[in-house]
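Just so it is clear, none of the values below were taken in a lab; they were calculated from the coordinates. Owing to the predicted nature of the structure, the values given are computational and were not obtained by experimental measurement. Backbone-built Cβ (ideal geometry, glycine too); neighbour counts: all protein chains shown.
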Amino acid sequence: MTTTEPRARLVLGNWKMHGTLAENAALLDALRTADAAAHCQFGVCVPFPYLAQTQQLLEGSTVAWGAQDVSKHEKGAYTGEVSAPMLKEFGCRWALVGHSERRTLHGETDQLVADKAAAALASGLTPVVCVGESLDEREGGNTLGVIQRQLAPVLALGADALGRMVLAYEPVWAIGTGRTATPEQAQEVHGAIRVALQGLGVDHVQVLYGGSVKAANAATLFAMPDIDGALVGGASLVAEEFLRIAAA
Ligand code: PEP
């Protein structure tokens, strides 16, 4: 299902736990000078310690930046956590929440993910809420049920909150595996997410696809009516490849 107003395209990189000061400087410089934002909204989500460097190097450019996680707490005795107000101080526009690596390796629940999204919104950040099924869940015919379950507490935040978020469909079996969902498989899920959003009267939320997106497959994914861009892991670490995805 499509909307009458075209939604802006967004291509967002997720560096995961990669980078050094020297590598980041070269990558950010290449992104900044290429003006990828001429094609679409464009940004990178970097590890917390590199936010200051990223802010320094990207400030004033058309490339925006964000973090890969955020605490549900605003402040307090939460050792190791990083709050949304802290991210805001470093100029972040986005915070990823509920990435599958956080859900599976760090036990993040659907409710915690929604709480983190709410905390991000409260500080003026845009949460990028990630959902996606495992291979077992897909093969068991459970894909849409899993997405519905993961989204339920996020949808419960209401239309106003949803209108200020980005969603990302990232099938776990496609993340970092080189195995991408076909455009049709992705569209089926994106279409279902769009219907759920429209059921709440929310029509303009960007829904990104993530999972082994590369320059070679980006254009066919982006041709689908409910795919509004990409969350890109591995390929976002290579400037030329990442820029070609943005150009697609
Ligand atoms: C991700 O980490 O969100 C991701 C989609 O990774 P990759 O592009 O490497 O599959």
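Identification of strands (runs of 3 or more DSSP E) wholly contained in the range 160-248 with 3 or more residues that are in contact (Cβ under 8 Å) with a residue 60 or more places away in the chain, more than 10 Å from the ligand (Cβ to nearest atom) and touching a Cys at 6+ places or on another chain (Cβ under 9 Å) yields no element. Reported count of residues in the range 69-89, each being under 16 Å from VAL128 (Cα atoms) and among the acidic types (Asp, Glu), is 1. Output yes when any residue across the range 152-167 is closer than 23 Å to GLU184 by Cβ and not aliphatic (A, V, I, L, M), and no when none is. Looking for residues that are closer than 23 Å to GLU184 by Cβ and not aliphatic (A, V, I, L, M), one finds none in the range 152-167, hence no. I'd like to know if the range 56-69 contains one or more residues that are in a loop (DSSP other than H, G, I, E, B), surrounded by 21 or more Cβ atoms within 10 Å (Cβ to Cβ), of a type in the set (Val, Ile, Thr) and away from the ligand (no atom under 16 Å from the Cβ). Yes, the range 56-69 has at least one match.
Taking LEU27, is it within 16 Å of the ligand (Cβ to nearest atom), in contact (Cβ under 8 Å) with a residue 12 or more places away in the chain, under 24 Å from ALA239 (Cα atoms) and not aromatic (Phe, Trp, Tyr)?
yes
Among residues of the range 126-159 being within 16 Å of the ligand (Cβ to nearest atom) and part of a loop (DSSP other than H, G, I, E, B), the one that is nearest to GLY229 (Cα to Cα) is GLY132. In the range 1-48, the qualifying residues are those that are in a helix (DSSP H, G or I) and within 19 Å of the chain's Cα centre (by Cα), and the one that is surrounded by the most Cβ atoms within 10 Å (Cβ to Cβ) is LEU31.
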